[in-house]
1. Run down 407, 450 and say which single residue is within 16 Å of the ligand (Cβ to nearest atom), modelled with pLDDT under 95 and touching a strand residue (DSSP E or B) at 6+ places or on another chain (Cβ under 8 Å).
2. Please work out which residue is farthest from the chain's Cα centre (by Cα), limiting yourself to region 245-261 and to residues that are more than 9 Å from the ligand (Cβ to nearest atom) and of a type outside the set (Gly, Ala, Ser).
3. Quick one: would you say residue 42 is touching a helix residue (DSSP H, G or I) at 6+ places or on another chain (Cβ under 8 Å) and of a type outside the set (D, E, K, R)?
4. Only residues that are more than 23 Å from the chain's Cα centre (by Cα) and either in a helix (DSSP H, G or I) or not small (Gly, Ala, Ser) (or both): list them for region 318-331, please.
5. Could you tell me how many of the residues in region 92-110 are of a type in the set (D, E, K, R) and in contact with a helix residue (DSSP H, G or I) (Cβ under 6 Å, 6 or more places away or on another chain)?
6. Which one is farthest from residue 290 (Cα to Cα), of the residues in region 345-397 that are in a loop (DSSP other than H, G, I, E, B) and within 12 Å of the ligand (Cβ to nearest atom)?
7. I'd like the full set of residues that are open to solvent by 10 Å² or more (accessible area, probe 1.4 Å) and either within 16 Å of the ligand (Cβ to nearest atom) or among the aromatic types (Phe, Trp, Tyr) (or both), limited to region 224-244.
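The values are calculated or read from the model by the stated rules, or taken from the named source; none is laboratory data. Bear in mind the structure is a predicted one, so any value in this text is a computation, not a measurement. Methodologically, a virtual Cβ is constructed for each residue, glycine included, from the backbone with ideal geometry; neighbour enumeration extends over all protein chains shown. What goes into the accessible areas is simple: the full protein's heavy atoms, side chains included, and nothing from ligands, DNA or RNA. Shrake-Rupley method; radii C 1.70, N 1.55, O 1.52, S 1.80 Å.
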Amino acid sequence: MTDSYVQAVNSGFTKTLAKKLGLPRPAVLRRYRAGDPLTVGPVLVLGGTPGVRDDADRVAEALLGWDLDVRQTPDDTTRWGAVVVVLSGIERPEDASAPVMALSATLRRLAPNGRVVMISRAPAETDSPELAAAREGVDGFLRSVAKELRYGATGNGVQVTDDAPVDSPSVLATLRFFLSARSAFVDGQLLRVGASDADPAVDVDRPLAGKVAVVTGAARGIGAQVARTLARDGAKVVVVDVPAAGEALAAVANEIRGTALQLDVTADDAGARILEHARARHGGLDVLVHNAGILRDKLLANMSPDKWDAVIAVNLAAQLRITEYLLGANGFSSEPRIVSLASTSGIAGNRGQANYAFSKAGVIGHTRAFARLLAAPGGPGGTANAVAPGFIETDMTASIPFVQREVARRVASLQQGGQPVDVAEAIAFLASPAAAGVNGQVLRVCGQNVVGR
Ligand code: NAD
């Protein structure tokens, strides 16, 4: 599935025409390719105090370890590949002024497909009103800056909890994801990251080597791309889909040297069959991606029980039952990674999608609850997170009427729909060992769509 408008306004005669007519010109986004540099140019780290070793210095040192050209002093000639703004030290709203003005002075020098990443402290229940004001302020600031960026550049934030140093492994892994082309369609988002004992030495190109992953709904669309991306990152992947999609499923399995399991995820024994297959064929199970999903759009006034029930059964109840089974049966090898597909419709609601939005908001609910269970003392450890795509170009969205589809694409800051690989990269990041400190989070992959927050 492609968005031909993006191609048209970026090439030949139609590019000139679009310029003349002042039409929106969504950029061609830079996406990950093995061997490409992490950023499109030098990285500027702002927010430090000269003469004091502080968090900005710690972040800059970590970035140097990734072979980047890192600077802490702005100049008038460099085209920045990324600007990292370290705001972890702000304690009063007034403290933000200096780093914010420093960022302001550099924005015009941000390269196309550049990155702005803010690192700040996550608001905590124990914050004084003044500290809470300063920390929450970053949220609105980041989302606004992201809306002002152009030419495929994005702005995202890492909110570090008070128990984690800014250079702890999961914070740096999240920073790396936001800086990289893997986060091409993630824009205007803040991800909360806590302390973890993740191993910083994991191979950044094959972080899932030795892991076994199961992806449901993997015969096509986002699920097929998730399977490819997890395999690229080193995992052995079991692809699951309904028997009717068996041929396409086998093709995906062959392509990635994984195995196929024909299964309707709503079956009573779905969890048991997944576990049996993963153990028998690959010796265990580490990563579970709940991706299978369906649409049965109707205004609520026209909703039939079968349309409501089918969506709840596939999109929500099946996820719940499979995860409960696997946790109850001690099915995960160690450090489970559970990633579930939510949707921006579940966050903001969507006309004609009452059933779908219930199911996707429900996914966010169980994700947070499973995250607490996993992290509880004596619990199994590991993480549960959700990814909430906005408008992604797949067969599912190709069924949306043309005008609605066109609007959905252009109301995002990046002015276009995302590709399945954009969702897959976010899932691969959350599934990686380095993301151990990211738990119970909902990561939107929506190009900063105006729908909800
Ligand atoms: P898709 O329709 O292209 O693919 C979904 C796959 O799930 C299909 O292969 C289908 O056969 C499979 N499936 C459906 N019911 C199943 C069942 N009972 N058991 C096993 N497999 C089943 O959809 P997509 O666009 O790739 O979406 C994938 C996920 O992402 C879904 O959960 C969807 O709700 C979510 N999502 C998609 C978008 C988007 O814009 N495409 C936006 C937000 C969320």
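1. Numbers: 407 fails: touching a strand residue (DSSP E or B) at 6+ places or on another chain (Cβ under 8 Å).
Going through 407, 450 in turn, the sole match is 450.
2. 247
3. no
4. From region 318-331, those more than 23 Å from the chain's Cα centre (by Cα) are 321, 324-331; that's our starting set.
Those that are more than 23 Å from the chain's Cα centre (by Cα) and either in a helix (DSSP H, G or I) or not small (Gly, Ala, Ser) (or both): 321, 324, 325, 326, 327, 328, 330.
5. Within region 92-110, the subset of a type in the set (D, E, K, R) is 92, 94-95, 108-109.
Filter once more, so that each one left must be in contact with a helix residue (DSSP H, G or I) (Cβ under 6 Å, 6 or more places away or on another chain): 92.
Of the residues in region 92-110, 1 are of a type in the set (D, E, K, R) and in contact with a helix residue (DSSP H, G or I) (Cβ under 6 Å, 6 or more places away or on another chain).
6. At the first step, the residues of region 345-397 found to be in a loop (DSSP other than H, G, I, E, B) are 349-352, 376-382, 390-391, 393-394.
If we keep only those that are within 12 Å of the ligand (Cβ to nearest atom) too, we end up with 350, 390-391, 393-394.
On the way: 350: 22, 390: 17, 391: 18, 393: 19, 394: 17 Å.
By that ranking, first place goes to 350.
7. 225, 228, 241, 242, 243, 244 - these are the residues of region 224-244 that are open to solvent by 10 Å² or more (accessible area, probe 1.4 Å) and either within 16 Å of the ligand (Cβ to nearest atom) or among the aromatic types (Phe, Trp, Tyr) (or both).
Condition check ((1) outside any loop (DSSP other than H, G, I, E, B); (2) among the hydrophobic types (A, V, I, L, M, F, W, C); (3) open to solvent by less than 10 Å² (accessible area, probe 1.4 Å)) across all residues:
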{"residue": "144", "(1), (2), (3)": "yes, no, no"}
{"residue": "150", "(1), (2), (3)": "no, no, no"}
{"residue": "164", "(1), (2), (3)": "no, yes, yes"}
{"residue": "173", "(1), (2), (3)": "yes, yes, no"}
{"residue": "201", "(1), (2), (3)": "no, yes, no"}
{"residue": "205", "(1), (2), (3)": "no, no, no"}
